[in-house]
Amino acid sequence: MSDFNWCHGPECHTYQTQSRVRGSGRDKVLRTRKVKQYYDRQYQWDWGNFFCDQRCLMDYLRKHMQQIIQHEPRTKPLELPINVTKTTETSQWNGRTYTQTNIERVDNA
Ligand SMILES: [Zn+2]
């Protein structure tokens, strides 16, 4: 499939790159870039499906940050139960021993 989205970056069409120049003769414009669209489940909501690069993604986030934060407010920190253990390991590089800290999730199910 060769479907595409237009980049959602609000400033995309203002950046002066050859990849945005369209038209011929005197009728040239800077145009929003196309973004190839991936349909497989793993990537269909990846930012790369909607923005041509990270600058356009950041422009969008900056413009809409207030609405994004209001969509899912964070008034308390999130926590994940873990077990912390320490083990003594020997470096394969120089033979010295060191303390390794191991963090594992605790399944509550
Ligand atoms: Zn863009």
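The values are calculated or read from the model by the stated rules, or taken from the named source; none is laboratory data. Note that the structure is a prediction, hence the values are computed from the model and not measured. Neighbour counts are summed over all protein chains in view; Cβ atoms, including those assigned to glycine, are modelled from backbone coordinates with ideal geometry. Note: areas computed on protein heavy atoms with side chains; ligands, DNA, RNA excluded. Shrake-Rupley method; radii C 1.70, N 1.55, O 1.52, S 1.80 Å.
When T85, T75, T32 are checked against the criterion of being touching a residue at least 12 places away in the same chain (Cβ under 8 Å), more than 15 Å from the ligand (Cβ to nearest atom) and on the phi < 0 side of the Ramachandran plot, T85 stands alone in meeting it. The set of residues in region 35-58 that are out of contact with any Cys (no Cβ under 8 Å at 6 or more places or on another chain) and under 11 Å from N5 (Cα atoms) comprises K36, Q37, Y38, G48, N49.
Of the residues contained in region 9-25, one or more are found to be within 10 Å of the ligand (Cβ to nearest atom), open to solvent by 60 Å² or more (accessible area, probe 1.4 Å) and touching a residue at least 40 places away in the same chain (Cβ under 8 Å). The residues of region 35-52 that are open to solvent by less than 70 Å² (accessible area, probe 1.4 Å) and touching a residue at least 24 places away in the same chain (Cβ under 8 Å), listed by number, are V35, Q37, N49, F50, F51, C52.
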